[in-house]
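Shown next, in structure tokens, is the structure this report addresses.
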Amino acid sequence: MKNLMWLLQLLLKAAIFFTLFAFALNNQHEAVVHFFFGTTWQAPLVLVVLSAFILGVAIGVLGMVPRWWKQRRLSQRTNSLNPEASGNSEAATSTSANAPHGI
């Protein structure tokens, strides 16, 4: 079963790679991006699309950083206020694993 999942993941990755590779081969013509003050950038279309994707991911990650910091701070504060909670959670999981289903 483990080998089957590994094979399916490999096939999915290969399909995604070949799809993106075919996209890159089909979009090799030049594209012109016009910026402010008459500045332009000429590059293959696939590089323009790739750079726009990378810029979007970077902006998304930077937008999430304050929320991640806030959640980390709250988690650390909760753990420092209630240090025995981590020990109780391990005991609770071990007892619930032995309990019959539905109870």
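Data table
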read-out: Over the stretch 45-84 - Rg/Rh using Cα atoms and the Kirkwood inverse-distance radius; value: 1.40
read-out: FRET E, pair Asn26, Val57, Förster distance 25 Å, beta-carbon r, rounded to 0.05; value: 0.60
read-out: Per DSSP, loop chymotrypsin sites (Phe, Trp or Tyr not before Pro) in the stretch 22-84 with at most 16 further Cβ within 10 Å; value: Phe35
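Every number here is computed from the coordinates shown, using simple stated rules; none is lab data. Keep in mind that what you see is a predicted model, and the values were worked out from it rather than measured. Cβ atoms come from the backbone with ideal geometry, glycine included; neighbour counts cover every protein chain shown.
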